[in-house]
1. I'm trying to understand the selection: among the residues of region B:194-212, which are of a type in the set (A, V, I, L, M, F, W, C) and either farther than 27 Å from A:Phe413 by Cβ or at pLDDT below 90 (or both)?
2. Of everything in region A:28-46, what is in contact with a helix residue (DSSP H, G or I) (Cβ under 6 Å, 6 or more places away or on another chain) and either over 17 Å from A:His127 (Cβ atoms) or part of a loop (DSSP other than H, G, I, E, B) (or both)? Give them in sequence order.
3. A:Ser224 - would you say it is surrounded by fewer than 20 Cβ atoms within 10 Å (Cβ to Cβ), touching a Pro at 6+ places or on another chain (Cβ under 7 Å) and in the same structural domain as A:Ile452 (by TED's automatic domain parsing)?
4. Consider B:Ala83 carefully, then state whether it is under 21 Å from B:Asp146 (Cα atoms) and modelled with pLDDT of 95 or more.
5. Considering region A:452-470 alone, what residues qualify as being more than 7 Å from every other protein chain (Cβ to nearest Cβ), assigned to a helix (DSSP H, G or I) and at pLDDT 85 or above?
6. Just the residues that are more than 8 Å from chain A (Cβ to nearest Cβ), under 15 Å from B:Ala27 (Cα atoms) and touching a residue at least 60 places away in the same chain (Cβ under 8 Å), please, taken from region B:148-168.
7. Going by the conditions given, is B:Pro192 in a helix (DSSP H, G or I) and either surrounded by fewer than 18 Cβ atoms within 10 Å (Cβ to Cβ) or in contact (Cβ under 8 Å) with a residue 12 or more places away in the chain (or both)?
8. Of the conditions (1) in a loop (DSSP other than H, G, I, E, B); (2) small (Gly, Ala, Ser); (3) out of contact with any Gly (no Cβ under 9 Å at 6 or more places or on another chain), A:Gly165 fails just one. Which one is it?
Amino acid sequence: MLFNSIEFVIFFIIVTSLYFALEHKYRWFLLLAASCYFYMAFVPVYILILGFTIVIDYYAGILIEQSEGKKRKSWLIVSLIANIGVLAVFKYYNFLNDNLTFLLGQAGKENPVPYLSILLPIGLSFHTFQAMSYTIEVYRGHQKAERNFGIYALYVMFYPQLVAGPIERPQNLLFQFYAKHSFEINRVISGLKLMLWGFFKKLVVADRLATYVDAAYNYPENHSGITLIVATVFFAFQIYCDFSGYSDIAIGAARVMGFDLMKNFNRPYFASSISEFWKRWHISLSTWFKDYLYISLGGNRVAVPRMYFNLFIVFLISGLWHGANWTYVIWGALNGFYLVAAIMRDRFIAKYKLEIPGSKGAAGKSFNILFTFVLICFSWIFFRASNVSDAFLIIRKMASFDGPLYSTYPTMFFCLLSIIMLLAVEAKQEYFKGSFSFMNNRNPVIRYSTYIFLLLMILLMGVFDGGQFIYFQF
Amino acid sequence: MKFNSSIMVLLKKLFILFFLLLVIDFAAGAVLKYFFYRQKSGLDYQTIYSMKKSREDILFFGSSRASHHYVPSVFSDEFNMSAYNTGRDGNFILYGYSVAKSVLARHTPKLAVIDISRKEFQRKEGGYDYLSSLLPFYEDNNGIRDILNQRSRFERVKLFSRIYPYNSLFPVIALNVVRDKSKSANINGFIPLFRSIDRPMKTIETEPAYELDTFLVDAFRQYLRAFKEKGIPVAVVCSPYYDKYVMKDATIDSVNEICSQEAIPFLDYSQDPRFSGHQSKFDDFHHLNEEAAREFSKVCSDSLKKILF
């Protein structure tokens, strides 16, 4: 069930109404049943995979808590192997096999290992990471093992964030299933507003831009350098609005029922450096990697070269998390390289107390924002291209900077209008906090006009057919 | 008590919001509808003309391959009859059938030519999305509602909105209302292409098997019968492809079978050596260029004249 579907709207209304109509003690069961239904709307049998990891992690959590010393670590390893094993089989098996076929082919041999004909379960990487954060936190003693199997299952399966995050931590979510949420009108309205904005980002901006991006990136050989540059910039906004739109709908839907999910995006394209970008982009994943991988590798407490190496490795794995393809690995490596280079530059400037002319003030900040955006756009080429050779073809064509712009008047009109509307809202939120607000204005005429404007834009400009949330594939 | 009053406040707010939305949606929908039918050029103008105004003797139905391959003037010269091409880019069998249903409700052409493409009956997700081009006609045209309802389970619900049928259309409508018809590339529905393809012909040995969409197969049979019941000569044509296909296509096999059951001629030019593989004759691997379209129209009209008249 996609968030951008009438089915979801009906599902949401029914589940939310029942949630508030039921007594508190039955609510977790309703949410669990609804989450199972939501997940099974994709490929029903895949709930068994989810069930398998839930059972393992539930018992692993209890056994970790009850054990001491090496045994404690062993149960954590069992949990990690189960989760990573499921990821490896369903997400990476055929990718690894492809590479094996290639390597054996170079040696003139055939690959005897068979391929698996399987679909990637929806949101596998998200709920696997959320499950792993639970057992790691229990192991670290930051979280008590959950004794109620249903509540633990709900922690992994909570439908708003089940298939595309935010990737929650047990300390933030588990206790909320025990808390009694009363119907608070301001909270409900705030959640609905966030959902409306999420739908706008997804349907009006992301899916609209996707029509242009897909046309260019699916057949890069047929398009000019100029077209591919425009498509890359559009993709930057497409993926942002696709993913953050989904997060907004998820956070809003949870908020309506009284749950607080973590913020996942914070206007990332207003970041003035790569490190700031990664503090604003997919925050729940970035912090997951920081807390569970980067710190485990030694974090900042190791020698500087080792720290650079750790950062690079984290980004490399983050790339692989996004997809089983070398394009994602290169994307991760590129971002790791950007970050390491930026830290080296900052250290160099600090060490020699250098002043870079024009780096301060509005102009300097604007330049930094633009420069960061260009670097990020360059990395998106690898993220979006179908394969590595397509990515390099696109870069070569972009470098030539020639050819006609592939454009039809309505497509370009809608694409540019949607980006302008998005940037206007985000620039206002970024630079004029606390000033005039449309959605939260005290004047009901302005408030209602804004809601109706967004709904009309969705009806007039939204893409209703064939849209899939890009992040579902991860 | 507090819970109930909060719920009532929320319901009241939602009621006000949706009432206002309904009013504005209704008004904006009426404005869009008014201008939609006042377009002077463009693809929607062509669809409006095809469905509501066409009175030509020969009508061509199909997708972009119809729109770019059948030159009405060539057929007019051959048959000494007027001709119009109702084909539309990116629109397939259900579009053609819908247009045909609308035409036949008010006009009896003397000849109908249906262009069919490989894989046209393939079942695919979102396979009916293209029918959005017909949504503006949903309200006034009972005959096509059943077809349009196939777009999604909740199409009827979506169509409560008066502006939803005009989704993504307002800049196009605005342009085509003011743009002069003479500026359009469209010549009686035929849209010429002018490039030559720059890659050699491929021989496609194998293609993945696909499932036929039974709704499309049934619709195709009904499509043919709609003409037959009115005594209108109809022919089905698969126009040329650039590449060589070694494998037989399930759609073409199905078309062949239905045409022979219904005693309707089926002309398959998909691998005609006079066209296929000639770089100078194709704009891209699915579409003939203007010069080749004229040549093909002559070939096709000669054959149809021999078979049907």
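1. Listed by number, the residues that qualify are B:Ile197, B:Met201, B:Ile204, B:Ala209, B:Leu212.
2. Those that are in contact with a helix residue (DSSP H, G or I) (Cβ under 6 Å, 6 or more places away or on another chain) and either over 17 Å from A:His127 (Cβ atoms) or part of a loop (DSSP other than H, G, I, E, B) (or both): A:Trp28, A:Leu30.
3. In short, yes.
4. It is false that B:Ala83 is under 21 Å from B:Asp146 (Cα atoms) and modelled with pLDDT of 95 or more.
5. Correct list: A:Phe453, A:Leu454, A:Met457, A:Ile458.
6. Hits for region B:148-168 are B:Arg162, B:Pro165.
7. So B:Pro192 fails the test.
8. The single condition A:Gly165 does not satisfy is (3).
The values are calculated or read from the model by the stated rules, or taken from the named source; none is laboratory data. Everything numeric here is computed off the predicted structure, so don't read it as measured data. For neighbour counting, all protein chains shown are included, and Cβ atoms are generated from backbone atoms with ideal geometry for every residue, glycine included.
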